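Report on one structure; see the data block that follows.
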Amino acid sequence: MDQAQSLRNVVKAQNVNMAKEAKIFTITSGKGGVGKSNTAVNLALQFRKLGKRVIILDADFGTANVEVMFGTIPKYNLSDYVFGDMELSDIITKGPEDIGFISGGSGILQLNNLNKDQLNGVIYGLSKLNNYCDILLIDTGAGVSDTVLDFVVSSPEVLLITTPEPSSITDAYSLVKSVYKSVDYIKNKPNIHIIANKVTSENEGQAVYTKLNSVVKKFLNGNLNYLGNIPYDTILETAVRNQQIVSLSSPTSKSSRAYFELANKLIGNDIPQQSGQGLFRFFNSFIKK
């Protein structure tokens, strides 16, 4: 039996227990320092307020932003599941409000070293995250690396964080351009949603999106979606400096309210996840690059 047929058989088996698939949102940015990980953590908190089970996969290798903000150090990471004898539940660290957190470690980078039977087992196992969450948030590294592009191209929904700074908009465009040029890119998939961070007004947020989308239309013949904005908020800046999560420390602040509105949009009927884009297909697509 060839590898393709083996995977099809696993897909069929998985579909039996896939009545409700977790939604997948990959959070990324063209450069560092624009609030990507902070957005991931605060959206997770707001999803929890909306009654959703959430897991964050920290795929920003070499940093520890999420665990620092959570104030917890994971005992295990993805490598312990892929190459060790840990169960999937063992590598999920619990953060505030019962948010799950998986440290990527170097596990994902090493997946292509597995043989086909090992790969099938890992893909099938990771797809069982459906049993632990309604929403999987993937916090990628910043910039345009092969790993970041693999995550973005494989994901059905991408949240691209940018700020009004010209360099941030330029770097965001560079990321979109790289995605569109990827041999694995399919037109209109992934859906790329823009979140304008640190804006002074609704108009400025809309202007950030318009600038970025106009060059994407002109030079890439593409189109981005504007999800919304996160206003510049001194309360948020203070929370970041104190390694706090503003949605917990100041739930009525304007930034916290903005995160809630974004989370509500993402689980609402206005942005339905594409059918058949569940966890099994996501990990299968990512690993088979």
Quick check: anything in segment 170-191 outside any helix (DSSP H, G or I), in contact with an Asp or Glu (Cβ under 7 Å, 6 or more places away or on another chain) and not charged (D, E, K, R)? yes
Go through segment 245-268 and count every residue that is without any contact (Cβ under 8 Å) to a residue 24 or more places away in the chain and not in a helix (DSSP H, G or I). 5
When residues of segment 139-161 are limited to those that are assigned to a loop (DSSP other than H, G, I, E, B) and not aliphatic (A, V, I, L, M), the one surrounded by the most Cβ atoms within 10 Å (Cβ to Cβ): S155
Here is a list of conditions, (1) modelled with pLDDT of 80 or more; (2) surrounded by 15 or more Cβ atoms within 10 Å (Cβ to Cβ); (3) aliphatic (A, V, I, L, M); (4) over 17 Å from the mean Cα position of the chain (by Cα), and V68 meets all of them except one; can you say which number that is? (2)
Select from segment 40-57 the residues that are crowded, with 22+ Cβ neighbours inside 10 Å and in contact with a strand residue (DSSP E or B) (Cβ under 8 Å, 6 or more places away or on another chain) and list them in ascending order. A40, V41, L43, A44, F47, V54, I56, L57
In this structure, is T28 touching a Lys or Arg at 6+ places or on another chain (Cβ under 9 Å) and modelled with pLDDT under 85? no
Within segment 223-238, tally of residues that are of a type in the set (A, V, I, L, M, F, W, C) and surrounded by fewer than 17 Cβ atoms within 10 Å (Cβ to Cβ): 1
Picking from D150, D184, D139, D171, the residue that is modelled with pLDDT under 95 and within 28 Å of R257 (Cα to Cα) would be D139
Report, by residue number, each residue of segment 253-277 that is modelled with pLDDT of 75 or more and either within 15 Å of C133 (Cα to Cα) or buried (at least 18 other Cβ atoms within 10 Å of the Cβ) (or both). S253, S255, S256, A258, Y259, F260, L262, A263, L266, I267
Reported set for segment 77-86 where residues are crowded, with 17+ Cβ neighbours inside 10 Å and out of contact with any strand residue (DSSP E or B) (no Cβ under 7 Å at 6 or more places or on another chain) is S79, D80, Y81, V82, F83
Out of (1) free of Cβ contacts under 8 Å to residues at least 24 places away in the same chain; (2) among the basic types (K, R); (3) outside any helix (DSSP H, G or I), the odd one out for K217 is which? (3)
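The values are calculated or read from the model by the stated rules, or taken from the named source; none is laboratory data. What you see is a predicted model, and the numbers here were worked out from it, not measured in a lab. All Cβ positions, even for glycine, are placed from backbone atoms using ideal geometry, and neighbour counts span all protein chains on display.
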